[in-house]
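Notes follow the structure.
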Ligand SMILES: [Zn+2]
């Protein structure tokens, strides 16, 4: 199984949250997230954000919302 670092996990978080992507990638994401508190926190906040958006809107999350969310996450990660 491929070992991922934190940046790769964040880059591929949308695959994980959306339930798509290769099985190998998803397994790599899952094992990293289990071991890494920081990525787990990012995953949880991403899921909560998507859930809130989902509860308010009976539509799929607009692409630009996801894009903004992920660029904000990347800002947080890369500014450290
Ligand atoms: Zn991590």
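Among 70, 78, 16, what is the fewest-to-most ranking by other Cβ atoms within 10 Å?
Ordered from fewest to most neighbouring Cβ atoms within 10 Å, 70, 78, 16 come out as 78, 70, 16.
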> Using a simple spin-label model with points 7 Å from Cα along the Cα→Cβ vector, what separation in nm is obtained for residue 20 and residue 75?
Replying inline: 2.7 nm
> Roughly how many nanometres apart are two label points built 7 Å out from the Cα toward the Cβ at residue 65 and residue 51?
Replying inline: 1.5 nm
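Values quoted throughout were computed directly from the atomic coordinates according to the rules given, and no laboratory measurement underlies them. Predicted model only: the values in this text are computed from it and were never measured. Counting neighbours? That spans all protein chains shown, and the Cβs are built from the backbone with ideal geometry, glycine included.
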